[in-house]
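Below you'll find the structure, written out as structure tokens, and then a few comments.
The values are calculated or read from the model by the stated rules, or taken from the named source; none is laboratory data. Not measured: the values here are computed from a predicted model. Quick reminder, even Gly has a Cβ in these numbers, built from the backbone with ideal geometry, and neighbours come from all protein chains shown.
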Amino acid sequence: MRKLLAVIRHEYRKIVLKWSFLIGTLLFPILMAGFAVVPAVIMSLKGEPTRIVIVDPTGKIAPRIKENLSEEKIDAKAEQAARDSLKDLNATQEEKMKRGAEQMAHGFNFVEYSADAKSLEQIRRELLDKVAENEIDAYLIVPKDFESPDAVFEFRSRKAGDFVSSGSFRDAVNDAVRSQRLANANISETKLHELSQTVKFDEKGLDERGAEKDSDGTFVAAFIIGLMIYITLAIYGQAIMSAVV
């Protein structure tokens with residue numbers, strides 16, 4: 001018994017009384033709270049809108065990009081994606097989705113710029129000067145051959161770390177080019193969307209007599225059995241670990 005107490009006392013002093021253990025024990029809850037709270041606070045902050053210039057010599061892509069970045073378009077796209085993944089949306093989810101769409105739509109401020117009778121190098125130089133003078137934050141140059149597979153859209157931004165806005169703008173450009181390509185090919189985008197709808201798949205099981213049966217009960221039963229096996233193994237493993245220690 002004395003030897004056991006001596007071992008416990010020694011291990012306690014060796015591990016628990018260390019400064020690293022004490023500091024870690026006290027800071028761990030604060031760090032966990034910070035990991036949960038700080039991202040939420042950052043996401044809730046509304047930054048300054050990105051002032052962007054779109055140089056479109058064709059005059060066809062820029063209006064579609066602006067339309068794709070409107071609040072109505074973003075809201076409809078987010079709602080469709082949410083319904084495809086969640087099926088049913090409650091009032092709280094719809095409200096959050098609308099706030100996110102409104103914030104994303106107000107995240108871009110389109111600045112007018114005249115590129116008539118200017119070369120590409122002159123346009124690029126003037127836009128870079130505007131960025132340096134803090135007049136704009138980003139610019140996009142649409143190539144004349146935007147329908148070509150090798151066409152390159154030149155996008156420059158000093159907010160390269162804003163991955164959310166950059167991703168949304170890239171999606172808006174891709175959707176705009178896709179819509180214009182369909183229009184040039186005389187293909188209705190609405191009709192294409194209707195033809196691309198996924199099928200409604202009705203899946204049910206059959207019993208031994210060939211009658212339909214609901215498979216949800218089987219899934220729930222399998223889940224419960226698997227959970228019971230997991231809990232049993234966890235309790236058994238804890239007992240074995242305690243015995244080994």
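Quick check on the stretch 184-206. Is at least one of its residues more than 30 Å from Ile65 (Cα to Cα), in a helix (DSSP H, G or I), at pLDDT below 85 and outside the structural domain of Ser148 (by TED's automatic domain parsing)? No, every residue in the stretch 184-206 fails to be more than 30 Å from Ile65 (Cα to Cα), in a helix (DSSP H, G or I), at pLDDT below 85 and outside the structural domain of Ser148 (by TED's automatic domain parsing). As a summary of the residue check, Asp171 satisfies the conditions (1) within 21 Å of Pro49 (Cα to Cα); (2) touching a helix residue (DSSP H, G or I) at 6+ places or on another chain (Cβ under 6 Å); (3) surrounded by fewer than 17 Cβ atoms within 10 Å (Cβ to Cβ) except for the one numbered (2). Among what's in the stretch 109-158 and is of a type in the set (D, E, K, R) and in a helix (DSSP H, G or I), pick the residue that is farthest from the chain's Cα centre (by Cα). This residue is Glu121. Note on the stretch 1-98: enclosed helices (runs of 4 or more DSSP H) holding 1 or more residues that are of a type in the set (D, E, K, R) and at pLDDT below 70 are 71-86.
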